[in-house]
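First the structure, in the form of structure tokens, and then the observations on it.
The values are calculated or read from the model by the stated rules, or taken from the named source; none is laboratory data. Bear in mind that the values here come from a model prediction, so they are computed numbers and not experimental data. Every residue, glycine among them, receives a Cβ derived from its backbone with ideal geometry; neighbour counts consider all protein chains shown.
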């Protein structure tokens with residue numbers, strides 16, 4: 001329980017971590033990276049520097065293609081940083097047919113036709129959604145070539161964020177807006193419930209966590225509910241975990257990483273714990289990542305997560321930190337990142353890819369086919385493909401694990 005509490009404090013106070021890494025001049029020009037796999041085995045790898053976005057596509061026959069796009073908008077930071085607060089977002093999505101690839105770098109969206117290897121769209125989220133703040137690309141809408149962008153509306157007066165409301169817009173690949181900006185409430189005013197947009201299943205998932213001034217073992221539960229992103233639909237009945245099977249400290253408080261393998265199955269992580277929740281069958285499965293031996297410090301699952309196209313294998317970024325002298329709770333020093341590769345059903349750790357101490361946020365994707373697991377990772381200034389040694393086992397009932 002003490003270790004779990006420290007992890008929660010680490011997430012809360014990470015913003016005050018020393019910025020020595022952030023202020024350090026990087027060894028190269030790359031400011032960020034991201035990647036994704038398609039269902040047919042194709043992959044897309046994205047890197048960006050201060051002037052350009054680079055896209056490399058490898059199709060299912062191993063043919064490589066390359067595109068570049070000018071980075072028209074300042075990322076806001078001169079140097080990259082391992083800290084989430086100081087990173088420019090990078091996201092990549094194939095549509096269901098793998099004919100289009102959409103990438104989001106900060107406020108810029110680029111869309112390429114995979115067959116012709118030409119850009120068909122390049123647009124600015126802020127220009128098209130000036131009423132919203134912290135907007136980002138969420139992916140292709142369920143089975144279509146329409147793109148979902150989500151964010152929070154601006155507060156009154158145009159400054160700050162109106163927490164508790166979600167702004168959603170729908171665009172075609174060229175950047176033409178397909179529906180009026182939609183504002184929906186997902187939390188009471190000024191509440192910061194953790195919400196996750198799942199464009200591929202047209203779902204908005206919300207964790208209704210309301211902490212109180214009590215020990216962690218006596219915190220209220222965090223129910224989960226969902227609704228449509230793009231349509232006016234009622235919220236699903238809240239999923240509330242049963243305390244007959246779990247202790248409060250076995251369950252989630254502030255989820256960070258999030259993925260969905262189907263409309264009713266969500267997988268999410270916090271601290272060093274991962275849960276798989278089936279809202280239809282009302283089941284929970286839990287997995288705790290093993291500690292790195294002989295390595296004092298704390299692990300924290302980052303928001304970056306990758307799910308294999310078949311939904312069977314998950315990869316999560318785990319940032320490692322340690323307390324520095326004078327050992328105050330807000331004096332954490334970044335020690336590097338690992339990428340944990342995990343089979344979901346049943347939960348099993350397949351392998352850990354060491355990323356090391358770097359100023360760059362790891363870019364990675366995961367694929368699983370024909371009994372093999374492949375990780376695509378940007379490190380050492382280049383994209384590398386790693387075969388994960390642990391082969392997934394046949395799916396079973398997935399009994400809860402801790």
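What to note about this one:
- Within segment 214-231, the set of residues being free of Cβ contacts under 8 Å to residues at least 24 places away in the same chain and either within 21 Å of residue 264 (Cα to Cα) or crowded, with 16+ Cβ neighbours inside 10 Å (or both) comprises 223, 225.
- The number of residues in segment 213-228 being farther than 18 Å from residue 192 by Cα and in contact with a strand residue (DSSP E or B) (Cβ under 9 Å, 6 or more places away or on another chain) comes to 1.
- Within segment 282-299, considering residues that are surrounded by fewer than 22 Cβ atoms within 10 Å (Cβ to Cβ) and at pLDDT 80 or above, the one farthest from residue 245 (Cα to Cα): 290
- Among the residues of segment 146-160, not one is out of contact with any strand residue (DSSP E or B) (no Cβ under 9 Å at 6 or more places or on another chain) and either in a strand (DSSP E or B) or within 14 Å of residue 124 (Cα to Cα) (or both).
- Where residue 152 falls short, out of the listed (1) over 30 Å from residue 67 (Cα atoms); (2) surrounded by fewer than 21 Cβ atoms within 10 Å (Cβ to Cβ): (2)
- Residue under evaluation residue 143, criteria (1) touching a residue at least 40 places away in the same chain (Cβ under 8 Å); (2) touching a strand residue (DSSP E or B) at 6+ places or on another chain (Cβ under 7 Å); (3) farther than 23 Å from residue 254 by Cα, criterion not met: (2)
- Residues located in segment 179-207, provided they are over 19 Å from the mean Cα position of the chain (by Cα) and on the phi < 0 side of the Ramachandran plot: 179, 180, 181, 182, 183, 184, 185, 186, 187, 188, 189, 191
- Hits in segment 185-195 - residues which are surrounded by fewer than 16 Cβ atoms within 10 Å (Cβ to Cβ) and either modelled with pLDDT of 95 or more or in a strand (DSSP E or B) (or both): 185
- Tally, over segment 358-393, of residues that are over 21 Å from residue 31 (Cα atoms) and either part of a loop (DSSP other than H, G, I, E, B) or at pLDDT below 95 (or both): 12
- Hits in segment 225-259 - residues which are under 26 Å from residue 300 (Cβ atoms) and touching a helix residue (DSSP H, G or I) at 6+ places or on another chain (Cβ under 8 Å): 247, 248, 249, 253, 254, 256
- The residue that is surrounded by the fewest Cβ atoms within 10 Å (Cβ to Cβ), among those in segment 111-125 that are outside any strand (DSSP E or B) and touching a residue at least 40 places away in the same chain (Cβ under 8 Å), is 117.
For every residue, the table says whether it meets (1) crowded, with 20+ Cβ neighbours inside 10 Å; (2) at pLDDT 95 or above; (3) closer than 21 Å to residue 175 by Cα.
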position	(1), (2), (3)
38	yes, yes, no
50	no, no, no
56	no, yes, no
60	no, no, no
76	no, no, no
79	no, no, no
86	no, no, no
89	no, no, yes
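- Pick from segment 260-291, criterion in a strand (DSSP E or B) and touching a helix residue (DSSP H, G or I) at 6+ places or on another chain (Cβ under 7 Å), ranking: nearest to residue 197 (Cα to Cα): 260
- With respect to (1) in a loop (DSSP other than H, G, I, E, B); (2) closer than 27 Å to residue 34 by Cβ; (3) more than 19 Å from the chain's Cα centre (by Cα), the lone exception for residue 346 is condition (2).
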